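The values are calculated or read from the model by the stated rules, or taken from the named source; none is laboratory data. Just so it is clear, the structure is predicted and the values come from calculations on it, not from any experiment. Every residue, glycine as well, gets a Cβ built from its backbone with ideal geometry; the counts of neighbours run over all protein chains shown. Calculation scope for accessible area: heavy atoms of the full protein, side chains included, ligands and nucleic acids excluded. Shrake-Rupley method; radii C 1.70, N 1.55, O 1.52, S 1.80 Å.
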Amino acid sequence: MITDKLTIYGDKENKECISALVERCAQVLGAESFSTQVYTEPLSEDISFDKDAQCVVVEYNDKDKVPERVRCVTYSFSDNRSDVMALNLQHREYSDCFELLHKVFMSRIFIPHTSGYTPKQALICAAILLSSGVSAERIVETINEILK
């Protein structure tokens, strides 16, 4: 399972939701697992990274806190320099949605209110799956299919 080597730091609800969504997507996508640390909240100055982590997923503003030797994938709601970004967040009657931007690819993710997931959780899930080598196009298709 992809979540066997996935360590998510942050509040319990975000950790559980992100882990569950990543696992569901990985089963569909056949994503490979490798040691990944994910931070859902801003990093403190005294953060220490697992020496065995092959990748760290952080909010773009925290990129400079990750040691250069560690592969880093970033996410953001506001900075287009991140590896994956959520644009044009919309709160609709039955769902929230946003455009996921990765390099030149952009497509919309829809999150029904009944799914129990938040845009932040879906964005972090996308960053984790991107770190495992899955294409952004396949990630968006899979998340949308799972959440509908």
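Restricting to segment 11-35, and then to whatever is part of a loop (DSSP other than H, G, I, E, B) and in contact with a helix residue (DSSP H, G or I) (Cβ under 8 Å, 6 or more places away or on another chain), can you tell me which residue is farthest from Arg71 (Cα to Cα)? This residue is Ala31. When Leu43 is tested against (1) at pLDDT below 90; (2) within 23 Å of Gly116 (Cβ to Cβ); (3) surrounded by 15 or more Cβ atoms within 10 Å (Cβ to Cβ), only condition (2) is not met.
When the criteria are applied in full, Asn88 fails the requirement of being in contact (Cβ under 8 Å) with a residue 12 or more places away in the chain and over 18 Å from Leu43 (Cα atoms). The single condition from (1) over 26 Å from Cys72 (Cβ atoms); (2) open to solvent by less than 50 Å² (accessible area, probe 1.4 Å); (3) part of a helix (DSSP H, G or I) that Glu145 fails is (2).
For Phe110, the conditions (1) open to solvent by 10 Å² or more (accessible area, probe 1.4 Å); (2) assigned to a strand (DSSP E or B); (3) under 25 Å from Gln37 (Cα atoms); (4) among the aromatic types (Phe, Trp, Tyr) all hold with the exception of (3).
For segment 99-148, residues that are out of contact with any strand residue (DSSP E or B) (no Cβ under 8 Å at 6 or more places or on another chain), within 16 Å of Cys25 (Cα to Cα) and of a type in the set (Phe, Trp, Tyr) total 0. Residue count for segment 24-40 satisfying the condition of being in contact (Cβ under 8 Å) with a residue 12 or more places away in the chain, within 22 Å of Ile146 (Cα to Cα) and open to solvent by 30 Å² or more (accessible area, probe 1.4 Å): 4. Lys5 - would you say it is closer than 14 Å to Leu129 by Cα and open to solvent by 50 Å² or more (accessible area, probe 1.4 Å)? Judged against the criteria, Lys5 is a match. The set of residues in segment 49-103 being in a strand (DSSP E or B) and open to solvent by 100 Å² or more (accessible area, probe 1.4 Å) consists of Arg71, His91. Just a yes or no: is a residue in segment 133-143 under 18 Å from Asn14 (Cβ atoms) and under 12 Å from the mean Cα position of the chain (by Cα)? Within segment 133-143, one or more residues are under 18 Å from Asn14 (Cβ atoms) and under 12 Å from the mean Cα position of the chain (by Cα). Whether a residue is of a type in the set (Gly, Ala, Ser) and loosely packed, with under 13 Cβ neighbours inside 10 Å was assessed, and Gly116 does not pass this test.
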